[in-house]
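*Asks:* Next up is a structure, given as structure tokens.
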Amino acid sequence: QKLENSAPVIRESAEARRTTLLELDDLQSDPFDTREIFDLIRVLNDPEHPLTLEQLNVVQEGQIELDNQNNYIKVLYTPTIPHCSMATLIGLSIRVRLLRSLPPRFKVDVEITPGTHVSREAVNKQLADKERVAAALENNHLLKVINQCLDITQQHADSA
Amino acid sequence: GRVLSVLVMELQATLTGHKDVVWDVAWSPSGSFLASCGADRSVRLWNNDGGRWVCKTVLEGAHDRTVRAVSWSPCGNMLAAASFDGTISIWDRRKGAFECSATLEGHESEVKSVGWSVSGTYIATSGRDKTVWIWSYDDDEEYECASILNSHTQDVKCVTWHPTLEVLASTSYDDTIKFFKEDGDDWTCFQTLTGHSSTVWAVDFDAYGDHVVSCSEDRTIKIWHCSQPSGKKAECTATIAGFHTRPIYDVSWNKISGLIASACGDNTVRVFHRPGERSTDEPEYALLASSDNGVAQDVNAVQWSPASPSVLASASDDGTVRIWNVRI
């Protein structure tokens, strides 16, 4: 099978996030920070390469907007090439990862970085449609593909 | 927009029992039953038993995916449930308990909406396959596909019948609202409304059927005047903007009081009305009440009770159905 992007630029993974003393105190409530959100999605597998979304520079901590007070998170992601046919699948994986990991009080928007994909508007509209996302997650074939992107067990083993 | 806090929105009851997202609520025509459905693949029937809301029946086993929408027949004896599994189940209570008496098959993929026409003759369904189906229900109690309408270019989110005529309105991911009527042996689209800048999630008629209210992913509600089915082109007469901060998933036009209720992804149920005369050229709608902090997650559906004009039911992602009392 021919790869769409045969020679992607690969970058180093970030160091593990340091836990603060405040976070170890169960009696204190501590807000989320963008690094925690980044940690949830940087480890996701690219559907095409045996690399993470962080290594392919698809997600970056600086592209995450977080508003703890208003329970709002916006994640921008950047497909490696402007014609990437996996763009919707990658966005769906990020959305599902956050859906499964964050408290339900958060409203999450996942969008393609402006100017980085030919079908940006169409993909963004699909990802924002909760009914389509819910239906996709009941589709066994699609769910299997998403779960492959979300299968981060190997990476956890590496970093442990 | 204007805010006139003249109404109080009081939470009367929180109905728990669904094990996942609740997608839709529908009052029976007499207002005695409330049906709800959701991602747990069930339909629940609730009623107010001496001041206390209880779940009377759970309808299960007919669908193996989310039940997205429910609609009562005008006689109140039958209930239709539309599912992401591509089918619509018909439940009949004329022999006592509700029994699944028929399954409508034909849609290629998820069915997203269902509506029973005012005469009880037709059922409309719509879905991900971009089609609207009109099913006829005859005296022999057989369901037959009367028409498959392919006017929309994207999935059809909602179908709603006119309150007195065999006229159907539909809304879509293609950002339009369309109207259909019977034309000889077939059904045709006689009007398309454009104006929303994203998915139109739902539409509802006023009591007379000469206005509709629509709500959208674009965070606005629009009021349209339509002298249908044969009259001139419908016009958008008002846009309610600046209140909803997330997509608006449902609207319900109170047939008695004229109040409009909306269900929004910003966790809020809101109530609007147009102060002043119906004849004003540029009517302005004002916010009369909202359920601030009353719901923890997205509100997916809202419907006014046909029996008690101040009572409103809503459905939420948090798995609950809520009953509200909107009073002065």
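*Asks:* Which pairs do you get when a residue that is within 14 Å of chain A (Cβ to nearest Cβ) and more than 15 Å from B:Ala26 (Cα to Cα), found in the stretch B:109-123, comes within reach of a residue that is buried (at least 23 other Cβ atoms within 10 Å of the Cβ) and polar (S, T, N, Q), reach meaning Cβ atoms under 7 angstrom, with the pair 6+ apart or on two chains?
*Replies:* Hits for this filter: B:Val111/B:Ser83; B:Val111/B:Thr125.
*Asks:* Moving to a separate point now. Here is a list: A:Ile146, A:Ile112. Which entry is over 25 Å from B:Lys112 (Cα atoms), within 14 Å of the chain's Cα centre (by Cα) and in contact (Cβ under 8 Å) with a residue 12 or more places away in the chain?
*Replies:* That would be A:Ile112, the only listed residue that is over 25 Å from B:Lys112 (Cα atoms), within 14 Å of the chain's Cα centre (by Cα) and in contact (Cβ under 8 Å) with a residue 12 or more places away in the chain.
*Asks:* Could you pull out the residue among B:Lys178, B:Lys112 that is basic (Lys, Arg) and either surrounded by fewer than 22 Cβ atoms within 10 Å (Cβ to Cβ) or touching a Lys or Arg at 6+ places or on another chain (Cβ under 9 Å) (or both)? Please lay out each step first, then the result.
*Replies:* Working: B:Lys178 fails: either surrounded by fewer than 22 Cβ atoms within 10 Å (Cβ to Cβ) or touching a Lys or Arg at 6+ places or on another chain (Cβ under 9 Å) (or both).
The conditions single out B:Lys112.
*Asks:* Here is a further query. Go through (1) in contact with a Gly (Cβ under 9 Å, 6 or more places away or on another chain); (2) buried (at least 18 other Cβ atoms within 10 Å of the Cβ) one by one and return the number of the condition A:Val96 breaks.
*Replies:* A:Val96 satisfies all of (1) in contact with a Gly (Cβ under 9 Å, 6 or more places away or on another chain); (2) buried (at least 18 other Cβ atoms within 10 Å of the Cβ) except (1).
*Asks:* Only residues that are away from every other protein chain (no Cβ under 14 Å), not in a strand (DSSP E or B) and not polar (S, T, N, Q): list them for the stretch B:146-170, please. Break it down stepwise before answering.
*Replies:* Let us first name the residues in the stretch B:146-170 that are away from every other protein chain (no Cβ under 14 Å), namely B:146-152, B:159-170.
This time we only want the ones that are not in a strand (DSSP E or B), so: B:150-152, B:162-166.
Listed by number, the residues that qualify are B:His152, B:His162, B:Pro163, B:Leu165, B:Glu166.
*Asks:* Checking B:Trp23 against (1) out of contact with any helix residue (DSSP H, G or I) (no Cβ under 9 Å at 6 or more places or on another chain); (2) surrounded by 15 or more Cβ atoms within 10 Å (Cβ to Cβ); (3) not in a loop (DSSP other than H, G, I, E, B), which single condition isn't satisfied?
*Replies:* So the condition that B:Trp23 fails would be (1).
*Asks:* Within the stretch A:144-151, does at least one residue satisfy the condition of being buried (at least 20 other Cβ atoms within 10 Å of the Cβ) and hydrophobic (A, V, I, L, M, F, W, C)?
*Replies:* Filtering the stretch A:144-151 for residues buried (at least 20 other Cβ atoms within 10 Å of the Cβ) gives A:146, A:149.
Still in the running and hydrophobic (A, V, I, L, M, F, W, C): A:146, A:149.
Scanning the stretch A:144-151, I find at least one residue that is buried (at least 20 other Cβ atoms within 10 Å of the Cβ) and hydrophobic (A, V, I, L, M, F, W, C), so the answer is yes.
*Asks:* Just need a number here: residues in the stretch A:100-111 that are buried (at least 17 other Cβ atoms within 10 Å of the Cβ) and under 19 Å from A:Asn139 (Cβ atoms).
*Replies:* 1
*Asks:* Right, next: Determine, yes or no, whether B:Lys181 is farther than 24 Å from B:His107 by Cα, charged (D, E, K, R) and more than 14 Å from chain A (Cβ to nearest Cβ).
*Replies:* Details: farther than 24 Å from B:His107 by Cα: no; charged (D, E, K, R): yes; more than 14 Å from chain A (Cβ to nearest Cβ): yes.
Judged against the criteria, B:Lys181 is not a match.
*Asks:* Considering only the stretch B:258-296, state which residues are polar (S, T, N, Q) and at pLDDT below 95. If you could, list the steps in order and put the result at the bottom.
*Replies:* Taking the stretch B:258-296 and keeping what is polar (S, T, N, Q), we get B:262, B:267-268, B:279-280, B:290-291, B:293.
Within the stretch B:258-296, B:Ser279, B:Thr280, B:Ser290, B:Ser291, B:Asn293 meet the criteria.
*Asks:* While we're on this one: Being in a loop (DSSP other than H, G, I, E, B) and touching a residue at least 24 places away in the same chain (Cβ under 8 Å) is the filter here; which residues of the stretch A:56-69 pass it?
*Replies:* To start, the set of residues in the stretch A:56-69 that are in a loop (DSSP other than H, G, I, E, B) comprises A:56-60, A:68-69.
Across the stretch A:56-69, the qualifying residues are A:Leu56, A:Asn57, A:Val58, A:Val59, A:Asn68.
Here's the yes/no breakdown for (1) among the aliphatic types (A, V, I, L, M); (2) surrounded by fewer than 14 Cβ atoms within 10 Å (Cβ to Cβ):
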{"site": "A:Leu3", "(1), (2)": "yes, yes"}
{"site": "A:Ile10", "(1), (2)": "yes, yes"}
{"site": "A:Glu15", "(1), (2)": "no, yes"}
{"site": "A:Arg18", "(1), (2)": "no, yes"}
{"site": "A:Leu21", "(1), (2)": "yes, yes"}
{"site": "A:Pro31", "(1), (2)": "no, yes"}
{"site": "A:Thr34", "(1), (2)": "no, no"}
{"site": "A:Leu40", "(1), (2)": "yes, no"}
{"site": "A:Val43", "(1), (2)": "yes, no"}
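*Asks:* Also, quick follow-up: Mind counting the residues in the stretch B:211-228 that are at pLDDT below 90 and farther than 11 Å from B:Ala169 by Cβ? Can you show your working first?
*Replies:* Of the stretch B:211-228, the ones at pLDDT below 90 are B:226-228.
Adding the requirement that they be farther than 11 Å from B:Ala169 by Cβ leaves B:227.
Residues in the stretch B:211-228 being at pLDDT below 90 and farther than 11 Å from B:Ala169 by Cβ: 1 in total.
*Asks:* Just name the residue that is nearest to the chain's Cα centre (by Cα) out of those in the stretch B:80-99 that are within 14 Å of chain A (Cβ to nearest Cβ) and crowded, with 24+ Cβ neighbours inside 10 Å.
*Replies:* Ranking the qualifying residues of the stretch B:80-99, first place goes to B:Ala82.
*Asks:* Continuing with the same structure: For B:Asp138, all conditions in the list (1) among the charged types (D, E, K, R); (2) away from chain A (no Cβ under 14 Å); (3) touching a Phe, Trp or Tyr at 6+ places or on another chain (Cβ under 7 Å) hold save one; what is the number of the exception?
*Replies:* Exception for B:Asp138: condition (3).
*Asks:* Six or more apart or on different chains, Cβ atoms under 9 Å: show the pairs whose first residue is in the stretch B:128-139 and at positive phi and whose second is at pLDDT 95 or above and among the β-branched types (Val, Ile, Thr).
*Replies:* From the stretch B:128-139, the pairs are B:Lys130/B:Thr153; B:Lys130/B:Val156.
*Asks:* Is it the case that B:Thr103 is assigned to a strand (DSSP E or B) and surrounded by 22 or more Cβ atoms within 10 Å (Cβ to Cβ)? Steps first, please.
*Replies:* Values: assigned to a strand (DSSP E or B): yes; surrounded by 22 or more Cβ atoms within 10 Å (Cβ to Cβ): no.
No: the conditions fail for B:Thr103.
*Asks:* Out of (1) over 16 Å from A:Pro47 (Cβ atoms); (2) over 16 Å from the mean Cα position of the chain (by Cα); (3) not polar (S, T, N, Q), the odd one out for A:His83 is which?
*Replies:* (1)
*Asks:* I'd like to know if the stretch B:216-230 contains one or more residues that are hydrophobic (A, V, I, L, M, F, W, C) and out of contact with any Gly (no Cβ under 9 Å at 6 or more places or on another chain).
*Replies:* Going through the stretch B:216-230, the residues hydrophobic (A, V, I, L, M, F, W, C) turn out to be B:221, B:223-224, B:226.
Those left that are additionally out of contact with any Gly (no Cβ under 9 Å at 6 or more places or on another chain): B:221, B:223.
The answer is yes, given that some residue of the stretch B:216-230 is hydrophobic (A, V, I, L, M, F, W, C) and out of contact with any Gly (no Cβ under 9 Å at 6 or more places or on another chain).
*Asks:* Same structure again: With the condition kept exactly as written, say whether any residue in the stretch B:160-174 is within 14 Å of the chain's Cα centre (by Cα) and surrounded by fewer than 19 Cβ atoms within 10 Å (Cβ to Cβ). Please lay out each step first, then the result.
*Replies:* Of the stretch B:160-174, the ones within 14 Å of the chain's Cα centre (by Cα) are B:160-163, B:168-172.
From what's left, surrounded by fewer than 19 Cβ atoms within 10 Å (Cβ to Cβ): B:163.
Yes, that holds for at least one residue.
*Asks:* Can you tell me which residues in the stretch B:312-325 are more than 18 Å from B:Cys55 (Cα to Cα) and more than 14 Å from chain A (Cβ to nearest Cβ)? Steps first, please.
*Replies:* Pass one, the stretch B:312-325, residues more than 18 Å from B:Cys55 (Cα to Cα): B:317, B:325.
Across the stretch B:312-325, the qualifying residue is only B:Asn325.
*Asks:* Taking the criterion of being in a loop (DSSP other than H, G, I, E, B) and among the aliphatic types (A, V, I, L, M), would at least one residue in the stretch B:122-145 satisfy it? Full working, then the answer.
*Replies:* Here is the first cut: in the stretch B:122-145, the ones in a loop (DSSP other than H, G, I, E, B) are B:128-131, B:138-142.
Adding the requirement that they be among the aliphatic types (A, V, I, L, M) leaves none.
No: the stretch B:122-145 contains no residue that is in a loop (DSSP other than H, G, I, E, B) and among the aliphatic types (A, V, I, L, M).
*Asks:* Go through A:Leu27, A:Leu53 for me and flag whichever is within 26 Å of A:Ala134 (Cα to Cα) and either among the aliphatic types (A, V, I, L, M) or without any contact (Cβ under 8 Å) to a residue 24 or more places away in the chain (or both). Lay out the reasoning, then the answer.
*Replies:* Details: A:Leu27 fails: within 26 Å of A:Ala134 (Cα to Cα).
The unique qualifying residue is A:Leu53.
The values are calculated or read from the model by the stated rules, or taken from the named source; none is laboratory data. Here the structure is a predicted model, which is why all the values come from computation and not from measurement. Cβ coordinates were reconstructed from backbone atoms using ideal geometry, including for glycine residues, and neighbour counts include every protein chain displayed.
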